[in-house]
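The values are calculated or read from the model by the stated rules, or taken from the named source; none is laboratory data. Computed from a prediction, not measured in an experiment: that's the story for all the values here. With ideal geometry, Cβ positions are generated from the backbone for all residues, glycine too; neighbour counts draw on all protein chains shown.
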Amino acid sequence: MRAFFLYLARKEGFKNFALNFKFFRKTASRFIAGDTLDDAIRVIQHASQRNIRSTLDLLGENTQSRADASRTSEELIRTQGRIHHEEADCNLSVKLTQLGLKLDPEFCEQNLIRIAKYAKDLGAFIRVDMEDSSCTDQTLEIVDRAYGLLGNVGTVIQAYLYRSEQDVTRMNPKGIRIRLVKGAYREPESIAYRRKKDTDANFVKLMKMLLQSGTYPAIATHDASIIRTAKKFAQSKRIPKDAFEFQMLYGIRRDLQHQLAREGYNVRLYIPYGSQWYPYFMRRLAERPANVTFLVRNLFMERRFKEKHDNT
């Protein structure tokens with residue numbers, strides 16, 4: 001099922017079919033703040049009222065031209081300016097393929113540095129998201145150079161990749177802030193764990209390394225068991241609550257987000273927005289079987305209702 005939904009994430013034609021069903025878009029809105037920056041700002045403000053911080057993701061990957069990458073860079077700069085104007089406790093998460101990585105890595109790096117320089121002037125931090133494994137080496141190299149130049153750039157490490165312990169070992173001593181995730185792309189068994197228990201075990205191993213690093217890591221998971229392990233480990237090592245943060249996706253485990261915030265932990269919500277929401281939404285379905293069941297059941301019910309209505 002996971003492989004099937006990751007396959008559909010690459011099929012824009014299925015999106016056009018699925019949008020015939022109101023409930024498909026309604027369900028997507030559970031995970032996407034909206035099409036516009038105004039929509040995203042409202043979600044940020046709502047989260048802030050519950051002592052939850054935010055990181056904003058303008059959806060879209062693999063720009064097709066340098067002009068598109070430049071327009072995206074300008075939009076991200078405007079977004080950073082709006083965040084600052086709203087005095088929101090929020091940073092930006094960016095994808096390098098948005099900025100032209102697959103077109104020209106040097107051009108992409110220039111775009112990232114321009115965005116990060118603008119953010120630094122405003123006292124803000126930029127997180128470079130990790131994409132599929134074809135981007136890993138270039139992403140880490142570009143982040144390394146941007147961090148060395150500006151100091152306000154961090155990245156993401158995916159626990160399901162075999163290489164991730166080596167990457168953490170290399171990035172940590174430099175002070176580069178890391179968000180640890182399990183990983184949401186379909187990768188071959190030659191480079192990534194396929195069994196959940198193996199990914200989970202590696203996540204916990206890397207998490208402990210990061211918690212002891214002193215570089216304010218982000219532990220990005222909705223797994224209550226892993227969160228309990230993180231809390232227990234931090235307490236045993238006398239790592240203060242403000243030395244790290246938990247991150248979760250918008251629309252998932254709100255109860256757990258609020259519980260952690262009430263307990264005094266730093267919690268940050270990953271808030272995606274924008275018109276290019278389809279691939280992101282399908283990856284969220286692939287990650288959580290309960291979401292798939294919920295969607296399929298309601299799409300079926302809506303179709304039955306339409307058929308009944310059309311026949312009356």
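Before moving on, here are some points about what is shown:
- Only one entry of Lys196, Lys231 meets the criterion of being at pLDDT below 95 and either among the aliphatic types (A, V, I, L, M) or surrounded by fewer than 19 Cβ atoms within 10 Å (Cβ to Cβ) (or both), and that entry is Lys196.
- Counting only residues that are in a helix (DSSP H, G or I) and within 20 Å of Ile178 (Cα to Cα), the range 229-256 holds 8 of them.
- When we screen Arg186, Arg127, Arg170 for residues that are within 20 Å of the chain's Cα centre (by Cα), among the charged types (D, E, K, R) and modelled with pLDDT of 95 or more, the only hit is Arg127.
- A single member of Ser275, Ser213, Ser225 is of a type in the set (Ser, Thr, Tyr) and at pLDDT 95 or above, and it is Ser225.
- If you go through the range 75-113 and pick out every residue that is part of a helix (DSSP H, G or I) and over 17 Å from Asp38 (Cα atoms), you end up with 13.
- Checked against (1) on the phi > 0 side of the Ramachandran plot; (2) touching a residue at least 60 places away in the same chain (Cβ under 8 Å); (3) not aromatic (Phe, Trp, Tyr), Gly214 passes all but condition (2).
- Test: residue in the range 173-189 that is in a helix (DSSP H, G or I), without any contact (Cβ under 8 Å) to a residue 60 or more places away in the chain and surrounded by 19 or more Cβ atoms within 10 Å (Cβ to Cβ): no
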